[in-house]
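Visitor: The structure follows.
What follows is calculated from the coordinates using simple rules that are stated; it is not laboratory data. Since the structure is predicted, the reported quantities are computational estimates derived from the model, not experimental observations. Ideal geometry is used to build each Cβ from the backbone, glycine not excepted, and the neighbour counts take in all protein chains shown.
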Amino acid sequence: MRKMKTIDLVYAGMFAALMAVGANIAQFLVVGGVPITLQTFFAILAGLLLGSRLGSISMIVYTLVGLAGAPVFAQFTGGPGVLFKPTFGFILSYILVAYVAGKIVESKSRPTVITFIIASFTAFILNYVLGTNYMYYAYKFWADAPEGFTYGMAWLWMLAPLPKDILLSIVAALISPRIYAAVSKTSKRPQVA
């Protein structure tokens, strides 16, 4: 297991902070109990740029800071009570999103733009599947579900942030190779093809 360097801690802290900003940049926009945020974008970027290990560590740090009580989650919430909110599945998914995006990029000795696009969209889909299913089951089993709530309704709520998240997944995939290449020059990571 590779030791963490000071720069790794800085990168992890930076992405944890970006997640907090992304959670609340549009904190007044909520559709069906789902806040419209930039968190998916930053979680994908963390994986693409930091790799599976450090990207997921940065998302774990973000999650733990929020659970400890810092108001870093959407709508400036935090604390252990967030565990019981229907949207907590999205927060948990960010850890896996960063890990999977990073793993896909790391799987190539010389990642290409196509690699970054595949990684970005795989992570984006994972975020929606995990988060939406968690939300559905949370509403069914412990949260107060709206009248007539169905599985289809949970997915309909996700249509509002969908165009934004598709666009930002494309942006993440297209800007990442250049940033990755710049960071790779100073580290032992493979160069972009």
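Visitor: Starting with the highest mean, order 3-16, 121-134, 52-65, 141-154 by the number of other Cβ atoms within 10 Å, averaged over the residues of each peptide.
Guide: 52-65, 121-134, 3-16, 141-154
Visitor: What's the FRET efficiency of Thr6 with Ala181 using the Cβ-Cβ distance as r and R₀ = 25 Å, to the nearest 0.05?
Guide: The pair Thr6/Ala181 has a calculated efficiency of 0.70.
Visitor: Could I ask something else about it? Report the number of Lys pairs in region 6-185 whose alpha-carbons are under 26 Å apart, with separation of 8 or more residues or on distinct chains.
Guide: 5
Visitor: For the chain, max minus min Cα coordinate along each principal axis, in Å, sorted largest first?
Guide: Here the Cα extents, ordered largest to smallest, are 55, 33, 28 Å.
Visitor: What shape does region 87-193 take by its C-alpha gyration tensor, where a ≥ b ≥ c are the square roots of the eigenvalues and a/c under 1.5 counts as rounded, a/b above b/c as prolate, and the rest as oblate?
Guide: prolate
Visitor: Here is a follow-up. Calculate the FRET efficiency for Tyr151 and Val113 from the Cβ-Cβ distance with a Förster distance of 35 Å, rounded to the nearest 0.05.
Guide: 0.45
Visitor: Right, here's the next one. Say R0 is 25 Å: what FRET efficiency, to the nearest 0.05, do Leu174 and Leu83 get from their beta-carbon distance?
Guide: Plugging the Cβ-Cβ distance into 1/(1 + (r/R0)^6) gives 0.10.
Visitor: Next question. Identify the residues of region 89-114 with backbone N under 20 Å of a label point that sits 7 angstrom from the Cα of Ile60 along the Cα-to-Cβ direction, or state none.
Guide: 89-107
Visitor: Find how much the distance from Val129 to Asp144 grows on full extension, using 0.36 nm per residue of separation minus their present alpha carbon separation; answer in nm with one decimal.
Guide: Gain in length upon complete extension: 3.3 nm.
Visitor: For the chain, return all DSSP H helices satisfying: extent of Cα atoms along own axis at least 30 Å; mean Kyte-Doolittle hydropathy at least -1.0.
Guide: Helices passing the filter in the chain: 113-141, 162-185.
Visitor: Would you order Val34, Val72 from fewest to most other beta-carbon atoms within 10 Å of each residue's own beta-carbon?
Guide: Val34, Val72
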